[in-house]
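Below is the structure I would like to discuss, written out as structure tokens.
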Amino acid sequence: MNWLTNVVRPKIRNMLRRETPENLWIKCPDSGQLVFYKDVEANQFVIPGSNYHMRMGAVARLKSIFDNETWFDVALPDVTPDPLKFRDEKKYVDRIKDARARTNLNDAIKVGYGKLEGAAVVVAVQDFDFMGGSLGMAAGEAIVRGLELAVEKKSPFIVFAASGGARMQEGILSLMQMPRTTVAVQMLREAKQPYIVVLTNPTTGGVTASYAMLGDVQIAEPGALIGFAGARVIEQTIREKLPEGFQRAEYLKDHGMVDMVVHRHELRPTLARLCRLLTKAPAQEGASKSVQPVVSPTQIVSAAETAPAAPHA
């Protein structure tokens, strides 16, 4: 055995080896530039140079909206984890376990209740990292529970939509969440409370065909893909070339499907202003400096105790 090549060199390499995180650098999908992850995270997951809006985890999104990054996690009803005993390349229950381990979320939607510039609001966030933000029974229950809480507390409801559509592993049970969430939106409307939808990239399929397009105000982030069917499917169906920028936020705003396109850095003040206008509430000076518990501890638990770290974009 050659001890110089087999023993000394490997030991030297191990001494000089440094642990480097996998997500230390992020490549911008738009410009291709490499950006330091910490810089992107500090910039609310917006690429500083190209202004490209990357996907944002549910916890990071809630932190960016609520006063002092403080809120209460809304307790959600339990659902049957695998009602159809579905299996394709792997079991559906295994897919759920993998998604939960990767995102630290129970399902695709997280609901929080807290203060936005001093006013109480309920916020639901879809996390695309959890099985593409797909709409299943658990996600449907989360939306319905969030809307019921908004009716109960007489507060606005804000939803950040990001989804590839209904969850195929739950079949017709996932499709039934479309009418269920639509009825719940109508309950909020009858209670005369604002319903604001923020469409993020991407929002497609059954989510677009239900609660994501029923808002009193429809907001979209810049460059967000919004639609029901994919552009390629539409082109093959109508046998025509679609216009440039079709199904993007700016195109939909120009054609009246979206009320406004708002940069992520301006979302928080924009949402607060809309809530004040729609509820006819005066602005509370200095209200964002303190957040008081406004809900029963038996219904929800503090996010400071249970909220996991924000998933990487």
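The values are calculated or read from the model by the stated rules, or taken from the named source; none is laboratory data. In this text, all values refer to a predicted model and were calculated from it rather than measured experimentally. Virtual Cβ from ideal backbone geometry, glycine too; neighbours counted across all protein chains shown. Just the protein is used for accessible areas: all its heavy atoms, side chains included, with ligands, DNA and RNA removed. Shrake-Rupley method; radii C 1.70, N 1.55, O 1.52, S 1.80 Å.
Going by average Cβ neighbours within 10 Å, how do the peptides 155-165, 224-234 rank, with the highest at the top?
Peptide ranking by packing, descending: 155-165, 224-234.
Turning to a different aspect of this structure: Which percent of the accessible area of the range 68-155 is formed by carbon and sulfur heavy atoms (probe 1.4 angstrom)?
Numbers: 1730 of 3750 Å².
C and S fraction of accessible area: 46 percent.
A follow-up question, please. Can you sort LYS253, LYS90, LYS38, LYS154 by solvent-accessible area, 1.4 Å probe, largest first?
Ranked from most to least accessible, the order is LYS154, LYS38, LYS253, LYS90.
Express the accessible area of the range 67-183 per residue in Å², computed with a 1.4 Å probe while the remaining protein chains stay in the model.
40
Testing the spin-label approximation: label points 7 Å from Cα along Cα→Cβ at ARG189 and LYS154. State their distance in nm.
Each label point is offset 7 Å from its Cα along the Cβ direction, giving 2.2 nm.
Take each of the peptides 47-53, 275-281, average the number of other beta-carbon atoms within 10 Å over its residues, and list them starting from the highest.
Per-residue Cβ counts within 10 Å, averaged per peptide and sorted highest first, yield 47-53, 275-281.
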